[in-house]
Amino acid sequence: MRTGQNKAKKFKLSAYEQRINAHRIDPRTMKITWRDIAGLEEVINELKKKMIFPVLNRHLFRESRLLQPPKGVLLYGPPGCGKTLIAKATAKEAGFAFINLKMSTLTHRWYGESQKLTAAMFSLATKLAPTIIFIDEIDALLRSRSSSDHEVTAMMKAQFMTLWDGLETDHQCQVIIMGATNRPEDIDPAILRRMPTKIHIKLPNFEQRKQILRLILENERVDPLIDLSHIARETEGFSGSDLKEICRKAVLLCVRDIIPSDILSDDCIRPINQDDLQKATMKMKESKSLDEALDLPFTASLVWH
């Protein structure tokens, strides 16, 4: 399949489309794949069936209006559970053009500019199709409308939905809006209606936590006697991002042992052992308890993959 990068060269882009094009990511440059996501096989299979298969085999469904890919997909669930990674991996594996849309991309201080940028985003996505327009924290951009909304914001939302409806009526257009949020209740009901495929990304269970830990540590030096099942049991309620932070803290404990030394070699850093992971888990629990006591959302410093 031709990528969006090649297709973009075949079209003349307007000044507004060029500004949106700066936020496009070539799927060939993405390093994330399905293999880098552990414990979410059901979600991946659902996306393959509902999104990727209809797009890559559209000749089979050309006459059907019911078997077209969804024009909107919502990934929702707690922070740090891989929603953004899933969106990128979907584009990577399918070879779709990927526009990473941020709120600042469509907002402008001059009257009318936001509407022009919104129109340019949809026209560019159509030219590059198949395309995923990904909106992380979609609740911030398309939250429920109210009388207190600024006029520019209200007009931008209205135009966004109007152009989105245009995708629904064009059955040959292959542009998919994919949003991610941990606050689905804040999204405008009219937006939710346009996202018929809603996938709940839950906190990983025991088996999923083991898979995630195994994936994170597969390229690290670890003690062969390490017991990941024990760590998985100790981390009930932890996200994938939390688990990666635990592993990072465990590695730092290994590095700390060699800092006083003046003589360093390639193998001077010892393997991660059970005690390192146990200490790192306890520190993470203390951090989460403190954040809960202060009523602050906890976010690990690194995203897992």
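Bear in mind these aren't lab numbers, they're just calculated from the coordinates by the rules spelled out. Just so it is clear, the model here is predicted, and its values are computed rather than measured. Every residue, glycine among them, receives a Cβ derived from its backbone with ideal geometry; neighbour counts consider all protein chains shown.
Near the amide H of PHE98, within less than 5 Å, lie the amide hydrogens of ILE25, ILE132, all on another chain or at least 5 residues away, with H placed in the peptide plane. In this rough spin-label picture, where each label sits 7 Å from Cα along the Cβ direction, the LYS283-GLU113 distance is 4.5 nm.
Going from the fewest other Cβ atoms within 10 Å to the most, the residues ILE138, ILE191 appear in the order ILE191, ILE138.
Taking 0.36 nm per residue of separation and subtracting the current Cα-Cα distance, fully stretching the chain between MET155 and GLU236 would add 24.7 nm. The length gained by stretching the chain between THR126 and PHE53 to full extension, at 0.36 nm per residue less their Cα-Cα distance, is 24.4 nm. Couplings for segment 114-119, taken from phi via the Karplus curve 6.51 cos²θ - 1.76 cosθ + 1.60 with θ = phi - 60°, read 5, 5, 5, 5, 4, 5 Hz in order; Gly and Pro are left as x. Here segment 193-221 is scanned for amide nitrogen atoms under 16 Å from the site 7 Å beyond the Cα of ASP257 along Cα-to-Cβ, giving 220-221.
Each principal axis of the Cα atoms in segment 203-244 has its own extent, and those three values, largest first, are 27, 17, 13 angstrom. Pairwise Cα separations in segment 4-200 fall into 5 Å bins from 0 onward with the following percentages, short to long: 1, 7, 16, 20, 21, 17, 11, 4, 1, 0.
In segment 159-231, inverting the average of 1/r over every pair of distinct C-alpha atoms gives 16.4 Å as the Kirkwood radius.
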